Amino acid sequence: MSSRQDTPPVLDALVIGAGFSGLYMLHRLRDELNLDVRLYEAGDGVGGTWYWNRYPGARCDSESYYYSYSFSPELEQEWTWTSKYPEQPEILRYLNHVADRFDLRRDIQLETRVEAARFDEAASCWEVRTKRGEGGECGETVRAQFVVSAVGCLSSGNLPKFDGLDRFEGDYYHTGAWPHEGVDFSGKRVALIGTGSTGIQATPVLAAESDHLTVFQRTPNFSVPARNAPLSPEEAADIKQHYREIRDTCRQSPFGFPYLATERMAAEATTEERNAVYEDLWQRGGLRFLAASFGDLMDNEDVNESAAEFIRGKIRATVKDPAVAEMLLPHDHPYGTKRPPIDTDYYETFNRDNVRLVDVRKAPIVEITPRGIRTTEAEHEVDVIVFATGFDAMTGALLNIDLQGIGGQTLRDKWEAGPRTYLGLQIAGFPNLFTVTGPGSPSVLTNMPVAIEQHVEWISDCIAWLRERDIARIEARSDAEEEWVNHVYDQAQTTLYPKANSWYVGANIPGKSRVFMPFVGGLDIYRERCNEVAEKGYEGFELQ
Ligand code: NA7
């Protein structure tokens, strides 16, 4: 461990966040590189997304056997998933098991939020201020040569500023900060605001658990059935036997899934052929509909419309009341350009007597009253409001930390017009700071653990390489960053993605600059580029 005489000892590395990224980062840096590392986590437990998002119906949209770590064959063999799409408590148990199995807890400080970090140019290290306790009175200042942000892409909750919320006499919750003790909805009239992946997962469960559910929908979404099912002992054993092939395919796939990009093109297919593919994928369920239907789905408007119309047909066929079905039909964005949800009985739920759909695009919410929600058309009396209103995605959590780089430049200033990074891994002007699945990397367009492992391994290899050569400081060069930002933009423009008002472009947060944030070119191509950069002695980085 490096140390200085006049200041507190300097950690080799400090990791922020104990989700999938942070836990593995700590393990790599501490157990493979032998570094002195500390991890700070705001929650009172590990798990990140799966610690906070405990809302009814919360489960993963990737299948369990590939939404998991691949770095330890022993871990793979000893952990048995119980269902195709794991529920939140099961993933949280898995992450706790990982923390115990690799003895990570002794270097994790819980209930500690990183509030600010300033780069000390003379010492080439970060000075990090943390906050503990209600009033933040028990914080400390720590120094670390490297800081790795593992704060997650969807961790800074978005609670829209509705007038009157403070006067509401019932209870309200954001799905991303759900009470650990759960919420008893029995006998309650519930309002659910938001129909993204979260709202769509929560709707059927809230409808079943409450007296009455009113869903407030601003934008209808395209949802495909998940087709969840328990994993039989035979299936689980088969997965364990084939883990190496599964992981290899995930690494070569543009989306981090255990299937490769399809070369089938819908532009060359007849309507019947297209519909046969859609029907097959609809029956099989899940995100395959997006990832494995047609290679031109996300860049050809006509092709995309054929998939969209197929899904609209399914909605019409499922929802009995034609007026409600009509309200549920998405028309304002191409399929997949907003993160596509997958569901269990979402559309079927609108056939229940105790469920009502309210279109708040047509009649916007004016205010929250003491007794409920008032739109321009009516007041809806409810006992509980559930906000499934999403996140300040991809940049929010990092910008919540007061980060100051070279010359006192703040990240907030630097990113005012949108995030700028080199490979989504580093930011020019902020040396020795790495961002796991940062904006400009494939991240949210992939099965996250595959993208996370790729970043964690690249970062730890980079730090090992620097230390072998006694290099104290690494910083993305501005020209490399500029070139990458332009490349991320150009790639997005070849697709339909920027057409939607999605959180991928920050459209859900009032005032946020509209920039398509993830790299859309594919995790396989991206991985090659990162490897090439490393092989060329960290091309595009300034080393000192
Ligand atoms: P999303 O996908 O951002 O969905 C949020 C939903 O909340 C969406 O339907 C929004 O409508 C709606 N929303 C947001 N603000 C408002 C206001 N002010 N009034 C009415 N409705 C509003 O978040 P999720 O939590 O569902 O999913 C996040 C990701 O987590 C998901 O994609 C997976 O990757 C996991 P809008 O569409 O903006 O009109």
Worksheet item: Which FRET efficiency value, to the nearest 0.05, do you get for Thr80 and Cys138 by plugging their Cβ-Cβ distance into 1/(1 + (r/R0)^6) with R0 = 51 Å?
Response: 0.80
Worksheet entry | Residue-by-residue Karplus 3J(HN,Hα) for the range 139-151, coefficients 6.51, -1.76, 1.60, Hz, glycine and proline x | x, 9, 10, 10, 10, 8, 5, 10, 10, 10, 7, 10, 7
Discussion item. Sort 513-521, 459-467 by packing, meaning the average of other beta carbons within 10 Å per residue, with the highest value first.
Written reply: 513-521, 459-467
Item to complete: Evaluate E = 1/(1 + (r/R0)^6) for Asp120 and Arg251, where r is the Cβ-Cβ distance and R0 equals 30 Å; express this FRET efficiency to the nearest 0.05.
Response: 0.20
Worksheet item: Ser478 versus Gln283, label points 7 Å from Cα toward the beta carbon: distance in nm?
Response: 5.9
Discussion item. How tilted is helix 88-101 with respect to the longest principal axis of the chain? Cα atoms for both, answer in degrees (0 to 90, nearest 10).
Written reply: 20
Worksheet, complete the sentence: Between Ala417 and Asp166, Cβ-based FRET efficiency (R0 45 Å, step 0.05) works out to 0.85
Item to complete: Stick to Cα atoms and the Kirkwood definition of Rh, then tell me Rg/Rh for the range 383-509.
Response: 1.01
Practice prompt. Return one whole number: the accessible area per residue of the chain in Å², for a 1.4 Å probe.
Written response: 41
Discussion item. Based on alpha-carbon atoms only, what is the radius of gyration of the range 197-334 relative to the globular estimate 2.2 N^0.38 Å?
Written reply: 1.23
Response to the item:
Sorted on mean Cβ neighbours within 10 Å (highest first), peptides 144-152, 185-193 come out as 144-152, 185-193
Fill in: Per residue convex hull volume, Cα atoms of the range 386-430, in Å³
83
Response to the item:
What one gets for the range 290-384 as the Kirkwood radius, inverse of mean 1/r over different Cα pairs in Å, is 15.6
Worksheet entry | Length released on extending from Asn486 to Leu33, taking residue separation times 0.36 nm less the Cα-Cα span | 159.7 nm
Worksheet entry | Dipole magnitude of the chain, debye to nearest 20 (Cβ charges: Lys/Arg +1, Asp/Glu -1, about Cα centre) | 640
Practice prompt. Report Rg (one decimal) and Dmax (nearest whole number) for the range 45-86, counting Cα atoms only, units Å.
Written response: 11.5, 32
Discussion item. If amide hydrogens are placed 1.01 Å from N in the peptide plane, which non-local residues have theirs closer than 5 Å to the one on His380?
Written reply: Ile373, Arg374, Thr375
Practice prompt. Taking the Cα centre of the range 308-387 as origin, work out the dipole magnitude from +1 charges on Lys and Arg Cβ and -1 charges on Asp and Glu Cβ, in debye rounded to 20.
Written response: 260
Fill in: C-alpha center-to-center spacing [the range 105-156, the range 236-275] in angstrom
40
Discussion item. 7 Å from Cα along Cα→Cβ at both Glu235 and Glu272: what's the point-to-point distance in nm?
Written reply: 3.3
Worksheet entry | Surface share of carbon and sulfur [accessible, 1.4 angstrom probe, percent] for the chain | 45
Worksheet item: Which is the longest part of the chain that has none of the GluC sites (Glu not before Pro) sitting in a DSSP loop with at most 13 other Cβ atoms within 10 Å?
Response: 417-538
Worksheet item: Using the Karplus equation 6.51 cos²θ - 1.76 cosθ + 1.60 (θ = phi - 60°), what ³J(HN,Hα) coupling, rounded to whole Hz, does each residue of the range 281-287 give in order, writing x for Gly and Pro?
Response: 6, 4, 5, 6, x, x, 6
Item to complete: Provide the per-residue ³J(HN,Hα) series for the range 26-41, in order, calculated from phi with Karplus coefficients 6.51, -1.76, 1.60 and θ = phi - 60°, each as a whole number of Hz, with x at glycine and proline positions.
Response: 4, 4, 4, 5, 7, 8, 9, 9, 6, 8, 8, 10, 10, 10, 10, 9
Discussion item. With a cap of 16 neighbouring Cβ atoms within 10 Å, and only residues DSSP puts in a loop, list the trypsin sites (Lys or Arg not before Pro) found in the range 342-450.
Written reply: Arg352, Arg361, Lys362, Arg371
Response to the item:
Rounded to two decimals, the Debye log10 I(q)/I(0) of the chain (Cα scatterers, no solvent) at q = 0.05, 0.07, 0.09 Å⁻¹ is -0.20, -0.40, -0.68
Worksheet item: Any idea how far apart Glu301 and Glu326 come out in nm if each label point goes 7 Å out from Cα toward Cβ?
Response: 2.6
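The values are calculated or read from the model by the stated rules, or taken from the named source; none is laboratory data. In this text, all values refer to a predicted model and were calculated from it rather than measured experimentally. Cβ sites come from the backbone with ideal geometry, for glycine too, and all protein chains shown count toward neighbours. Quick note on the areas: whole protein, heavy atoms, side chains included, nothing else; ligands and nucleic acids left out. Shrake-Rupley method; radii C 1.70, N 1.55, O 1.52, S 1.80 Å.
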